[in-house]
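Taken together, the values in this text are just the output of simple stated rules run on the coordinates, not laboratory data. Computed from a predicted model, the values in this text were never measured in an experiment. Reconstructed Cβ throughout: ideal geometry from the backbone, glycine too, with neighbour counts over all protein chains shown.
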Amino acid sequence: PDPTPHSPDLQNLKLVVSAGPTREYLDPVRFISNPSSGKMGYAVALEAQARGALVTLVSGPVNLPDPPGVAVIKVESAVQMHDAVLKAAADAQIVVMTAAVADYRAAEQKTEKEAKTAGEVSIQLVPNPDILAALGQQKSGRVLIGFAMETHAGVERAALKARRKNADFILLNYPTQQGTAFGGDDNQVTLVRPDGTSEAWPRLSKREVAARLLDEALKVRQSAR
Ligand code: CTP
Ligand code: CA
């Protein structure tokens, strides 16, 4: 379903959106990941394309069809996503990070499958690059939007993230809401600005959240002029 009557208000704008989880392989058959479905990011890509934007979607492994009219770049790991997003963002005016980027990867990725042993094992993890923070360091007029899922102190934590990463705003959600966030078709988010002000949106379809997100991105662009 396509809720918006489209005005081409994003014409001549390039938008990059990341979606889905990343996979951090331990060996050729085992990885660390998370349950992100990619639906929120794909909804942003579809909505932005329908409103006239030139859209690049950088997607981790998901079970969704490629949105028509959108340049889709498929990646697996956070490092691959980092490189693809930074490259695509070079000439973009709006970047939306909906991806659930794994925070860590294995210090060492085995080239062969390791047999299990009877005892305990530990895996050394090293931090992944923060893609949104990297974009925020060389912001240069781009609108930067993040997502955050928090279990507690959501507005405070999201505002802190927006400040740290130099994002214009973050859409916050909680993992416990029925039918929303991970895997669902709806989302109930709160827009959080770096100054700590926030605005709770009603429960909406992910496509409607995408539409409002893009309205807000345009407002940020206009207020920066
Ligand atoms: N993000 C990113 N690169 C990372 C991790 C996160 O670009 N390596 C982006 C996400 O896509 C999201 C925003 O940063 O838009 C917030 O993600 P979140 O996981 O909530 O933030 P973290 O800084 O990883 O903090 P936490 O310790 O709470 O996971
Ligand atoms: Ca994280």
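Take the residues in region 55-108 that are out of contact with any Ser or Thr (no Cβ under 9 Å at 6 or more places or on another chain), assigned to a loop (DSSP other than H, G, I, E, B) and not small (Gly, Ala, Ser); name whichever of them is farthest from ligand 2 (Cβ to nearest atom).
Across region 55-108, the extreme among qualifying residues is Pro68.
What about Ala167, is it in a loop (DSSP other than H, G, I, E, B) and hydrophobic (A, V, I, L, M, F, W, C)?
yes
Looking at (1) free of Cβ contacts under 8 Å to residues at least 60 places away in the same chain; (2) within 22 Å of Val16 (Cα to Cα), which is the one condition that is false for Pro175?
Tallying (1) free of Cβ contacts under 8 Å to residues at least 60 places away in the same chain; (2) within 22 Å of Val16 (Cα to Cα), Pro175 fails exactly one: (2).
Could you list, in sequence order, the residues of region 65-89 that are free of Cβ contacts under 8 Å to residues at least 12 places away in the same chain and either closer than 18 Å to Glu47 by Cα or more than 16 Å from ligand 1 (Cβ to nearest atom) (or both)?
Residues satisfying the conditions are Pro65, Asp66.
Select from region 109-135 the residues that are in a loop (DSSP other than H, G, I, E, B) and in contact with a helix residue (DSSP H, G or I) (Cβ under 6 Å, 6 or more places away or on another chain) and write down the one among them that is nearest to ligand 2 (Cβ to nearest atom).
The initial filter retains those residues of region 109-135 that are in a loop (DSSP other than H, G, I, E, B), namely 109-124, 128-130.
From what is left, the residues that are in contact with a helix residue (DSSP H, G or I) (Cβ under 6 Å, 6 or more places away or on another chain) are 128-129.
Working: Asn128: 9, Pro129: 12 Å.
Looking at the filtered set, the residue picked out is Asn128.
Within region 77-106, work out how many residues are surrounded by fewer than 18 Cβ atoms within 10 Å (Cβ to Cβ), farther than 13 Å from Ala134 by Cα and not polar (S, T, N, Q).
Taking region 77-106 and keeping what is surrounded by fewer than 18 Cβ atoms within 10 Å (Cβ to Cβ), we get 79-80, 83, 86-87, 90-91, 103-104, 106.
Of the ones still in play, those that are also farther than 13 Å from Ala134 by Cα are 80, 91, 103-104, 106.
The next check asks that each one be not polar (S, T, N, Q); those that pass are 91, 103-104, 106.
Here the count works out to 4.
Within the group Gly20, Gly60, Gly41, which residue is closer than 18 Å to Glu208 by Cβ and crowded, with 21+ Cβ neighbours inside 10 Å?
It is Gly41.
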